1. Within segment 163-182, does at least one residue satisfy the condition of being within 14 Å of ligand 3 (Cβ to nearest atom) and more than 19 Å from the chain's Cα centre (by Cα)?
2. When residues of segment 143-159 are filtered for being under 17 Å from CYS191 (Cβ atoms), touching a Leu at 6+ places or on another chain (Cβ under 8 Å) and not basic (Lys, Arg), how many remain?
3. What number of residues within segment 183-200 are open to solvent by 40 Å² or more (accessible area, probe 1.4 Å) and more than 11 Å from ligand 1 (Cβ to nearest atom)?
4. Need pairs with beta-carbon distance below 7 Å; first residue of a type in the set (Val, Ile, Thr) and within segment 189-202, second within 11 Å of ligand 1 (Cβ to nearest atom) and open to solvent by 30 Å² or more (accessible area, probe 1.4 Å); sequence gap 6+ or separate chains.
5. Can you tell which of ARG143, ARG119, ARG159, ARG109 is among the basic types (Lys, Arg), away from ligand 3 (no atom under 13 Å from the Cβ) and over 24 Å from the mean Cα position of the chain (by Cα)?
6. Counting just the residues of segment 64-83 that are within 17 Å of ASP258 (Cβ to Cβ) and at pLDDT 90 or above, which one comes out least open to solvent (accessible area, probe 1.4 Å)?
7. Checking GLY230 against (1) more than 16 Å from ligand 3 (Cβ to nearest atom); (2) open to solvent by 40 Å² or more (accessible area, probe 1.4 Å), only one condition comes out false. Which one?
8. Out of segment 183-212, which residues are among the charged types (D, E, K, R), within 16 Å of ligand 3 (Cβ to nearest atom) and in a helix (DSSP H, G or I)?
Amino acid sequence: MRPEDYVRAEAAALGFTACGFAAAVPIGRGAFLDGWLSAGLHGDMHFLARHPERRLTVAGILPRARTVISLAYPYAPPPPPPLDWRRTLRGRIAAYARGADYHAAIEERLQALERVLARLFPDAATRRYVDTGAVLEREWGVRSGLGWFGKNTMLLGTRAGSWFFLAELVTEAALAPDAASGEHCGRCTRCLDACPTSALRDGRIMDARRCIAYLTIEHRGAIPPHLRPGLGPWIFGCDVCQEVCPWNAPPPATRAPDADGLFPFLPDLLQLDRSAFQRRFADTSLARARRRGLLRNVAVVLGNTGNPAAVPALRFALGDREALVRGHAAWALGAIGGAEAREALAARDAREPDPSVRGEIAAARSAAAGEAGTSSVRATAAPTTPADGRRTL
Ligand code: B12
Ligand code: SF4
Ligand code: SF4
């Protein structure tokens, strides 16, 4: 058996659904990356702008690298449960983040595959990567024939769609490269049309500053007020531009929906103190947002429900130890409006010490005052119905 086929078979046995090889030559995407960074489209993900040239070659990682092995590790989104998130006060988590953090599971399998390579090529050093290194993983995925770079900027394949993680082994072993796959977006623009915050631009360009995944996971400060309604139900990550993609088959109805995993009850989350947050989320991807980031997102989504039943939980969050959480709770109360919300805002206004929160309270009070006397339920959330009419919520 050729070593390439042997490695592929071992990768499949470890649960990787695709495995491809690319020559470890420098990546000629410097102009694209420079343009993206100098336009500031990475927001405050400063790690991306630090030594960007390091992302364009794997020589810095392993000077005598000959091959990059790209691997796809699948995750299967269950069908979103048919519930009304506004009425039931639930918020949505991206499918990749359900359950235990994926990095450890993939790392273990990468180590096993590294041992396979060591048996085949005892003198060849290897390095393993999943997600966190200065490696342009999608670029290597394209070069290894795993799929193409879609208009939603995901790596996707005709068989696998895009519901998979990427991982790499960089090795000194010389393995025969695979041919890059063709591009199959054609004239489709579903992802661009469906993105709730218009983060995707023509030319396969993402303005990460507008992407819900960035705003809810990576961004540390206040979410710009004009983008908050666009979050709709998403409290962590976003799957809209994958759900609408015709290359992603809808989840089989036989797979059990997972209401608590995908749609937790939000008032409970606003009650989590630091240790309760650790107990519930330390081993999951949600830990990356940290308590203050997650509760900030929860407050925004409760505001997006427009549901007065959320007011008691938001009133409680107005007393949170984190100014960031208090400020977003104030915004949410302003978005919901009604006498109870106005009264909660006025009470907090009288004793709020933080100037940024006082600014949020002032804006929220004037939003809520504009509502006085009218129905307090507002349709603030952007639709999350895929462009093809399949309802996900
Ligand atoms: C930063 C980051 C983000 C940022 C920015 C995303 C972005 N589009 O750049 C944010 C927080 C928004 C994000 C969101 C998500 N992410 Co993310 N993210 C990353 C990370 C850490 C770096 C990506 C990066 O360098 N971006 C900078 C841009 C400029 O680089 P790039 O997107 O890789 O694009 C380059 C190449 O693909 C290349 N290219 C290749 N072919 C072509 C073709 C053409 C025509 C062009 C123009 C360019 C091009 O050009 C680019 C510049 O070199 C990677 C892991 C990694 N180390 O690569 C994961 C990664 C890309 N993310 C991943 C996932 C799963 C997600 C989410 C789905 C999570 C979620 N559900 O919320 C969303 C998807 C959002 C989306 N539509 O992309 C997976 C993607 C798997 C896949 N099948 O593509 C990765 C690979 C992590 C992993 N190991 O699995 N992410
Ligand atoms: S993940 Fe959501 S917000 Fe980000 S580009 Fe895709 S649809 Fe838009
Ligand atoms: S939704 Fe359409 S345009 Fe977007 S990535 Fe999928 S096939 Fe390409």
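The values are calculated or read from the model by the stated rules, or taken from the named source; none is laboratory data. Quantities reported herein were computed from a predicted structural model and do not represent experimental measurements. Quick reminder, even Gly has a Cβ in these numbers, built from the backbone with ideal geometry, and neighbours come from all protein chains shown. Keep in mind that these areas ignore ligands, DNA and RNA; they rest on the heavy atoms of the full protein, side chains included. Shrake-Rupley method; radii C 1.70, N 1.55, O 1.52, S 1.80 Å.
1. yes
2. 8
3. Residues of segment 183-200 open to solvent by 40 Å² or more (accessible area, probe 1.4 Å): 183-184, 186-190, 193, 198.
Retained after the next criterion (residues that are more than 11 Å from ligand 1 (Cβ to nearest atom)): 184, 186-190, 193, 198.
Adding up the residues that qualify gives 8.
4. THR189/LYS151; THR197/ARG210
5. ARG119
6. TYR75
7. Checking GLY230 against (1) more than 16 Å from ligand 3 (Cβ to nearest atom); (2) open to solvent by 40 Å² or more (accessible area, probe 1.4 Å), the one that fails is (2).
8. ARG190, ASP193
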